[in-house]
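The values are calculated or read from the model by the stated rules, or taken from the named source; none is laboratory data. Owing to the predicted nature of the structure, the values given are computational and were not obtained by experimental measurement. Cβ placement follows ideal geometry from the backbone for every residue including glycine, while neighbour counts extend to all protein chains displayed.
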Ligand code: HEM
């Protein structure tokens with residue numbers, strides 16, 4: 001197993017443990033019922049899983065050995081969260097991982113001074129802030145905005161880099177950077193003034209979505225076919241969910257309580273973040289893991305299930321208060337994430353096997369050709 005794949009193991013464990021914890025939080029049957037699992041679901045998912053994937057991808061982009069310490073520490077921190085070690089130890093590991101992740105952006109910025117790197121570095125700072133608050137024992141609802149800042153800013157910055165493949169628009173990129181600065185400022189403000197900070201954060205999030213949609217080529221990609229169209233559909237759905245999150249923060253008086261909290265968290269984490277991961281998996285994972293992951297139309301099935309189940313959960317469960325509907329939507333989300341992972345592993349393995357078979361056939365043809373050229377009858381050596 002390659003080093004990069006080994007580093008992904010920590011992220012994979014965090015994802016499976018986080019999904020198990022999600023079932024516990026929904027109050028339905030779960031394979032593992034360890035006591036601490038449910039209380040660390042959020043950190044497992046955001047830093048243990050998504051943090052490891054993002055840190056690995058950035059370490060590959062940096063291309064220096066020390067950069068890989070960040071995904072290694074992130075994975076270890078995720079495993080520590082589900083082990084019996086005290087939570088502050090897991091927090092310290094995650095703090096080291098996110099601190100290092102922020103440092104990685106210094107050489108990346110020196111290499112390419114552009115808005116996309118700055119937006120990502122703001123996200124890395126937000127993650128570092130979240131781990132400091134977590135290690136200090138602050139309640140999750142109070143530092144959730146820092147985790148939101150991490151995923152939104154980092155993924156937006158990466159999206160800007162990828163969107164540039166289609167076109168480059170300096171003004172649109174500067175608008176995303178301005179939105180990113182406003183978002184981080186609003187996150188700090190909310191920590192200092194929890195009473196009226198939420199609508200400001202919501203307004204900053206809405207401004208960010210507006211700037212992102214404007215800078216992105218996703219709208220035009222919707223008219224293409226195959227992977228570009230699939231990615232564009234996931235991207236646009238992600239932007240819709242980010243708008244829902246902004247709307248909840250602006251319009252609902254206590255967005256960090258009850259059903260509004262569940263709707264807010266998962267509009268960002270499932271509707272936006274997971275959808276973005278689905279959109280880019282076939283491009284980013286092969287570059288990071290050096291394994292093929294070809295697009296297959298069956299990927300639409302988990303993607304559609306993710307969004308339909310989330311809509312059921314948010315509208316029927318969180319807003320209308322129907323507990324069973326909320327549980328059904330939540331279980332649908334777990335199935336969607338697992339189904340995407342299974343689809344990716346299956347298509348990746350099929351492509352690897354096909355490539356190996358092609359190489360073997362080419363080698364034997366080459367060998368047979370060389371033998372014939374030397375006047376040897378193939379197979380009679
Ligand atoms: C796949 C299906 C998922 C289900 C069924 C699920 C379920 C839940 C539930 C029931 C809660 C408690 C909500 C509340 O207290 O009102 C929760 C909280 C949370 N979830 Fe999820 N979740 C899922 C996926 C995710 C993902 C993918 C992420 C991150 C990428 C995530 C991040 C969080 C966070 C940050 C919290 C707040 C934790 C806290 O307050 O302690 N969830 N989740």
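Is there a residue being modelled with pLDDT of 95 or more, more than 19 Å from residue 284 (Cβ to Cβ) and within 17 Å of the chain's Cα centre (by Cα) anywhere in region 52-71? There is no residue in region 52-71 that is modelled with pLDDT of 95 or more, more than 19 Å from residue 284 (Cβ to Cβ) and within 17 Å of the chain's Cα centre (by Cα). Selection within region 338-353: residues that are in contact (Cβ under 8 Å) with a residue 12 or more places away in the chain and under 16 Å from residue 8 (Cβ atoms). The member of this set that is farthest from the ligand (Cβ to nearest atom) is 352. Set side by side, the residues 21, 29, 69, 34 differ, and just one is within 14 Å of the ligand (Cβ to nearest atom), touching a helix residue (DSSP H, G or I) at 6+ places or on another chain (Cβ under 9 Å) and more than 17 Å from residue 269 (Cα to Cα), which is 29. Residue count for region 109-132, restricted to those that are without any contact (Cβ under 8 Å) to a residue 60 or more places away in the chain, more than 20 Å from the chain's Cα centre (by Cα) and part of a helix (DSSP H, G or I): 4.
Enumerate the helices (runs of 4 or more DSSP H) found wholly within region 216-301, keeping only those where 2 or more residues are away from the ligand (no atom under 16 Å from the Cβ) and touching a helix residue (DSSP H, G or I) at 6+ places or on another chain (Cβ under 7 Å).
Values: elements: 218-221, 226-251, 258-266, 275-289.
Filter on region 216-301 gives 218-221, 226-251, 275-289.
Of 8, 43, all but one fail to be part of a helix (DSSP H, G or I), near the ligand (Cβ under 10 Å from one of its atoms) and touching a residue at least 24 places away in the same chain (Cβ under 8 Å); the exception is 43.
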